[in-house]
Amino acid sequence: MLIQLFHSPMDHFEVQSLISLNLPILGYINFSLTNLGLYTLIAIYLSIAFHVLGNNDNKLIPNYWSIALETGYASVLSLVKSQVGAANEVYLPFIYSLFFFLLFANLSGNVPYSFTVFTSGIASIGLSMVIFIGVTILGLSIHKAHFFSFFVPSGAPAALIPLLVPIEIVSYLARSLSLGVRLFANLISGHTLITILSSFIAPLFTGGILSAVLALVPFTIFLAIVGLEVAVSVVQAYVFCILTASYLKDAIDLH
């Protein structure tokens with residue numbers, strides 16, 4: 001009897017427990033390391049390793065790692081200056097750290113049979129909401145009660161203010177989800193496409209010489225899509241930081 005097992009492409013994005021320990025502490029505590037936690041740690045250590053390799057203080061000629069690091073720093077610095085303003089470079093370390101964490105978390109997910117951190121809705125939307133709450137607290141701490149003037153469009157007729165204020169509030173609250181949903185949707189769509197294509201192409205290489213030769217054409221297209229997904233990983237990290245910086249500017253300048 002031939003049994004066929006059909007697996008959903010979405011199974012690849014499930015958060016699964018890798019190590020589970022039951023500790024008799026404070027009654028009963030279960031400690032579990034998931035693939036989400038593991039690849040979050042991997043992204044952090046890859047970012048640290050990249051900066052260690054790019055440290056070129058004791059060398060006259062920069063190496064490839066230091067050139068890449070300096071390019072990344074210059075890009076993030078330019079982003080902060082253009083979005084938040086040159087007078088607010090105090091937020092550069094936050095945007096810089098966020099960019100490289102997102103970058104390596106996204107890139108590590110392109111390795112076959114790995115897990116992408118931000119294809120988890122908990123991770124992407126959770127990060128988005130934390131940033132939203134932090135930006136809101138920052139705006140309140142700077143402007144106090146005047147912060148709520150942000151929800152009143154300048155130049156709006158007084159008769160329309162009761163209608164426009166709720167719309168502005170809903171639009172502002174939507175930021176807490178839109179930032180993470182955008183990252184989540186772009187990553188999961190590309191990775192789902194790669195998973196589906198690989199499941200169709202892989203059997204062709206084991207089906208005989210003729211099918212293996214014919215599989216070279218779709219395999220070339222598959223490689224191009226993988227390259228595109230690598231580019232998307234970089235772009236999405238940059239876009240996420242641009243939007244975060246623009247939210248910071250809104251909180252600081254109230255416009």
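Before moving on, here are some points about what is shown:
- Condition check for N55: at pLDDT below 90, open to solvent by 70 Å² or more (accessible area, probe 1.4 Å) and touching a Phe, Trp or Tyr at 6+ places or on another chain (Cβ under 9 Å): yes
- Of the residues I167, I188, the single one that is aliphatic (A, V, I, L, M) and surrounded by 15 or more Cβ atoms within 10 Å (Cβ to Cβ) is I188.
- Some residue of the stretch 220-230 being over 25 Å from the mean Cα position of the chain (by Cα), open to solvent by 40 Å² or more (accessible area, probe 1.4 Å), of a type in the set (A, V, I, L, M, F, W, C) and over 16 Å from L254 (Cα atoms): yes
- The lone criterion from (1) closer than 23 Å to A231 by Cα; (2) open to solvent by 60 Å² or more (accessible area, probe 1.4 Å); (3) modelled with pLDDT under 90 left unmet by A145 is number (1).
- Yes/no for P157 being out of contact with any strand residue (DSSP E or B) (no Cβ under 8 Å at 6 or more places or on another chain), of a type outside the set (D, E), open to solvent by 70 Å² or more (accessible area, probe 1.4 Å) and more than 30 Å from G109 (Cβ to Cβ): yes
- A search for C-beta distances below 8 Å between a residue of the stretch 136-163 that is assigned to a helix (DSSP H, G or I) and any residue that is open to solvent by 80 Å² or more (accessible area, probe 1.4 Å) and at pLDDT below 85, counting only pairs 6+ apart in sequence or on different chains, returns F150/H255.
- Scanning the stretch 112-142 for residues that are over 12 Å from G180 (Cβ atoms), surrounded by 12 or more Cβ atoms within 10 Å (Cβ to Cβ) and among the hydroxyl-bearing types (S, T, Y) yields S114, T116, T136.
- Any chance I67 is under 13 Å from F100 (Cβ atoms), among the β-branched types (V, I, T) and open to solvent by 50 Å² or more (accessible area, probe 1.4 Å): no
- Check on V226, over 30 Å from V84 (Cα atoms) and either part of a helix (DSSP H, G or I) or at pLDDT 90 or above (or both): yes
- Test for F99: is it under 22 Å from the mean Cα position of the chain (by Cα), open to solvent by 90 Å² or more (accessible area, probe 1.4 Å) and closer than 25 Å to L183 by Cα: no
The values are calculated or read from the model by the stated rules, or taken from the named source; none is laboratory data. Keep in mind it's a predicted model, so treat the numbers as computed, not measured. Cβ: placed from backbone, ideal geometry, glycine included. Neighbour counts: every protein chain shown. Keep in mind that these areas ignore ligands, DNA and RNA; they rest on the heavy atoms of the full protein, side chains included. Shrake-Rupley method; radii C 1.70, N 1.55, O 1.52, S 1.80 Å.
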